Amino acid sequence: MQMAKKSNSPISMHMPRDIYRAYKKDFQNGNLTIGNVCNADCFFCSQKWNPPGVIKDLRRFLTLQEIKHFSSRYLNYVRVVGTAVHVNSGEFFLHPQAAEIINYLVAEKKLRSKHFFTNGMGLSKEHIKIMENTGMELSLTLSSVNINTRKGMMGGSYVNNKMAVESLELLDKYGVNYSVVIIPLRSNLDSGDLENTYKVLSKHKLQYVAISRPGYTKLTPAYIAEELALSNEEMWEFLDMVEKKYKINVSLPYVPKPEMRYEYVTDALSDLFSNSAHLIKKRKLFLCAESVKDILPKVVKKLGIEKYDIKPVKSKVFGGNIECAGLLLVEDYICAIEEYLRKSKKPKPEVMIIPRQSFDINMEDISMTHAQKIIDRFKIKVVAVGHYL
């Protein structure tokens, strides 16, 4: 009997087809993730409280063979390492072949951006030396410089949390470009731990400190939601204070100040109508994220746009405090459009303008549903624009 040839199909790689497709899409988008094994156990981690099935879960590391498979077929170049969109991601430097993966990416000339995300709990001197030699940059999720406080937040052993805090000295010593990410909690802010962490970090050679205010879903327990219930305005007020007091560069990624969001939305819509003048006379429905629902009407009025309506889109799938466009799904847009068409007494819109941020390079949301489904459902032209709309 003739033996079947060995193939590189998803089945031969011992991976369900939907999970294979999710990894394929992340690699296509330049996100190199190596599986979701993690040595932290952050009680606020969104991966614990996501609605089931939306974000895919492998529950192990990718093998080096699998990484080469995805990289050689789907990866043009790396944007970031150690984070993901369509699959849950773990700690990159915990992978037993982390150094080999880095060397492979360098040899294949795919490590263009050289930006790594880590919790620092498996970050050794050997890893840092590799980063020094290859010019890599690091985003270190630290959250607190108090080892016991950090352990309470992020889980893991005392030794591993100590390693993460002490990695600051090594990164300084070897001249690696790095930034620090802080997950803010209500208790840390009220106790002064958050400010003390910034005070300590101001003495190190990092580029900036970013607060990453995590979203929580409708499945998140109430006591966790209360810890995470810090407003953007409150965080910017705190950041302005520590920036002045400790002379340290600060950032609140993906949440620009209202005046900055106003400028971004204005620029995006100005470009759209300058390059697509035929849209000016069309009946338009703007679908926007909750985060800009107060800004968009002002921008539209300033630009003198006529024949329009605005419909903020709530996150029905994730729920919780999710209000950014990047986590809105096709399903959420369909719900919002149906509600608008049911209640509106105006003529049906001829074009719907939606945030580009909701979709990847293939115009699919994070559930891997294509935006075409919106067009097919309503038979209305869809235009995706900007980042914060």
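For this structure, a couple of remarks:
- Among the candidates Lys307, Lys373, Lys379, residue that is farther than 29 Å from Leu75 by Cβ, basic (Lys, Arg) and in contact (Cβ under 8 Å) with a residue 12 or more places away in the chain: Lys307
- Single residue of segment 32-65 satisfying the filter (of a type in the set (D, E, K, R) and touching a strand residue (DSSP E or B) at 6+ places or on another chain (Cβ under 9 Å)) that is surrounded by the most Cβ atoms within 10 Å (Cβ to Cβ): Lys56
Rundown of residues vs (1) touching a strand residue (DSSP E or B) at 6+ places or on another chain (Cβ under 7 Å); (2) of a type in the set (Asp, Glu); (3) within 19 Å of Tyr254 (Cβ to Cβ), yes/no style:
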| position | (1), (2), (3) |
| --- | --- |
| Phe318 | no, no, yes |
| Leu329 | no, no, yes |
| Met352 | yes, no, no |
| Phe359 | yes, no, yes |
| Ser367 | no, no, no |
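Yes/no per residue for (1) under 30 Å from Leu230 (Cβ atoms); (2) touching a helix residue (DSSP H, G or I) at 6+ places or on another chain (Cβ under 9 Å):
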| position | (1), (2) |
| --- | --- |
| Ala22 | no, no |
| Lys25 | no, yes |
| Pro52 | yes, no |
| Glu66 | no, yes |
| Ser72 | no, no |
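- Whenever a residue of segment 347-361 is without any contact (Cβ under 8 Å) to a residue 12 or more places away in the chain, it has no partner that is surrounded by fewer than 14 Cβ atoms within 10 Å (Cβ to Cβ) and among the basic types (Lys, Arg) lying with C-beta atoms less than 6 angstrom away and at least six residues away or across chains.
- The condition of being in a strand (DSSP E or B), hydrophobic (A, V, I, L, M, F, W, C), crowded, with 17+ Cβ neighbours inside 10 Å and assigned by TED's automatic domain parsing to the domain that holds Val145 does not hold for Val242.
- Taken over segment 203-215, residues that are assigned to a loop (DSSP other than H, G, I, E, B) and either under 18 Å from Val176 (Cβ atoms) or not assigned by TED's automatic domain parsing to the domain that holds Cys45 (or both) amount to 6.
- Residue within segment 250-261 that is of a type in the set (Lys, Arg), in contact with a strand residue (DSSP E or B) (Cβ under 9 Å, 6 or more places away or on another chain) and without any contact (Cβ under 8 Å) to a residue 40 or more places away in the chain present: no
- Some residue of segment 134-152 being outside any helix (DSSP H, G or I), surrounded by fewer than 16 Cβ atoms within 10 Å (Cβ to Cβ) and more than 24 Å from the chain's Cα centre (by Cα): no
- Subset of segment 320-354 (residues that are at pLDDT below 95 and either crowded, with 19+ Cβ neighbours inside 10 Å or closer than 21 Å to Thr217 by Cα (or both)): Gly320, Asn321, Ile322, Glu323, Cys324, Ala325, Gly326, Leu327
- When the residues of segment 77-124 are filtered to those that are of a type in the set (Ser, Thr, Tyr) and outside any loop (DSSP other than H, G, I, E, B), the one that is surrounded by the most Cβ atoms within 10 Å (Cβ to Cβ) is Thr118.
- Filtered residue count, segment 167-186, keeping only those that are within 26 Å of the chain's Cα centre (by Cα) and over 15 Å from Ile211 (Cβ atoms): 6
- The listed residues are Ile280, Ile310, and the only one of them that is surrounded by fewer than 19 Cβ atoms within 10 Å (Cβ to Cβ), outside the structural domain of Ala225 (by TED's automatic domain parsing) and closer than 16 Å to Gly386 by Cβ turns out to be Ile310.
- When Leu230 is tested against (1) closer than 30 Å to Ser202 by Cβ; (2) assigned by TED's automatic domain parsing to the domain that holds Ile310; (3) not in a helix (DSSP H, G or I), only condition (2) is not met.
- Glu226 being loosely packed, with under 14 Cβ neighbours inside 10 Å, out of contact with any strand residue (DSSP E or B) (no Cβ under 6 Å at 6 or more places or on another chain) and free of Cβ contacts under 8 Å to residues at least 12 places away in the same chain: no
- Of the residues in segment 314-324, not one is outside any loop (DSSP other than H, G, I, E, B) and outside the structural domain of Ile55 (by TED's automatic domain parsing).
- Condition met for Phe273 (at negative phi, at pLDDT 90 or above, among the aromatic types (Phe, Trp, Tyr) and more than 23 Å from the chain's Cα centre (by Cα)): yes
- Qualifying residue in segment 167-176 (condition: buried (at least 23 other Cβ atoms within 10 Å of the Cβ) and within 28 Å of Ser231 (Cα to Cα)): no
The values are calculated or read from the model by the stated rules, or taken from the named source; none is laboratory data. From a predicted model like this one, the values you see are computed outputs, not experimental measurements. Don't worry about glycine lacking a Cβ; one is built from the backbone with ideal geometry, like all the others, and counts go over all protein chains shown.
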